[in-house]
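Only one structure is covered here, and it is reproduced in the block below.
The values are calculated or read from the model by the stated rules, or taken from the named source; none is laboratory data. Small disclaimer: the values here were computed from a predicted structure and weren't measured. Cβ atoms come from the backbone with ideal geometry, glycine included; neighbour counts cover every protein chain shown.
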Amino acid sequence: MEPLKNARQEQFCLEYIIDLNGTQAAIRAGYAKKTANTTASKLLAKDNIAKRVDFLKNRRQVKCNIDAQWVLNRLNEIDSLDVIDILDDEGGFLPIREWPKSWRTSISALDIQKILGAKGEEALASVVMKIKWPDKTRNLELIGRHISVKAWEKEAADTSEDLAKALAALAGSLPN
């Protein structure tokens with residue numbers, strides 16, 4: 001697809017795919033800051049701009065080699081993390097360099113504190129290590145909401161059918 005003929009609109013499209021923030025994209029493209037929100041909404045509603053944005057997003061997706069399958073594979077990898085992979089035989093953490101890559105790239109935070117002290121002539125040292133684990137429930141929700149999986153849609157349909165059957169059975173058992 002060819003770039004848009006209107007240079008400012010083309011710049012808006014290029015800016016928009018950076019962070020998908022229409023207001024900021026409009027400002028960065030040179031539109032008035034005061035009306036950037038409205039301008040962005042109007043621009044994104046235009047067919048030629050929507051098509052250009054879709055084209056640019058798809059091109060970026062291909063360049064990054066990230067698609068729905070990649071996302072699902074990564075979510076599955078995160079969901080399959082097993083804490084035993086990063087613990088030694090005594091229940092302490094292995095050195096981080098020995099952790100599987102899936103663990104090193106999936107934790108949200110790592111806080112290591114070394115506490116030094118002395119008791120009489122004896123030097124004391126301890127290490128406190130805090131790890132923020134990936135949110136497994138959120139991870140499963142993301143997997144379930146994926147268009148190929150549709151887990152929550154089926155669950156909602158099953159629940160509605162079950163509720164309807166239960167109500168019908170209840171209504172049938174009530175005296176008139």
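Listed values, structure above:
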{"read-out": "Failed condition for Asp19, given (1) at pLDDT 90 or above; (2) among the charged types (D, E, K, R); (3) within 30 Å of Val128 (Cα to Cα)", "value": "(3)"}
{"read-out": "Where a residue in the range 84-110 is at pLDDT 90 or above and its partner, wherever it lies, is loosely packed, with under 10 Cβ neighbours inside 10 Å and in a loop (DSSP other than H, G, I, E, B), with Cβ under 6 Å and at least six apart", "value": "none"}
{"read-out": "Positions within the range 60-106 being β-branched (Val, Ile, Thr), assigned to a loop (DSSP other than H, G, I, E, B) and more than 18 Å from Lys132 (Cβ to Cβ), in sequence order", "value": "Ile66"}
{"read-out": "Matching residues in the range 27-47 - criterion: being farther than 14 Å from Ala7 by Cβ and assigned to a helix (DSSP H, G or I)", "value": "Ile27, Ala36, Asn37, Thr38, Thr39, Ala40, Ser41, Lys42, Leu44, Ala45, Asp47"}
{"read-out": "Gln9 polar (S, T, N, Q) and either in contact with a Leu (Cβ under 6 Å, 6 or more places away or on another chain) or surrounded by 14 or more Cβ atoms within 10 Å (Cβ to Cβ) (or both)", "value": "yes"}
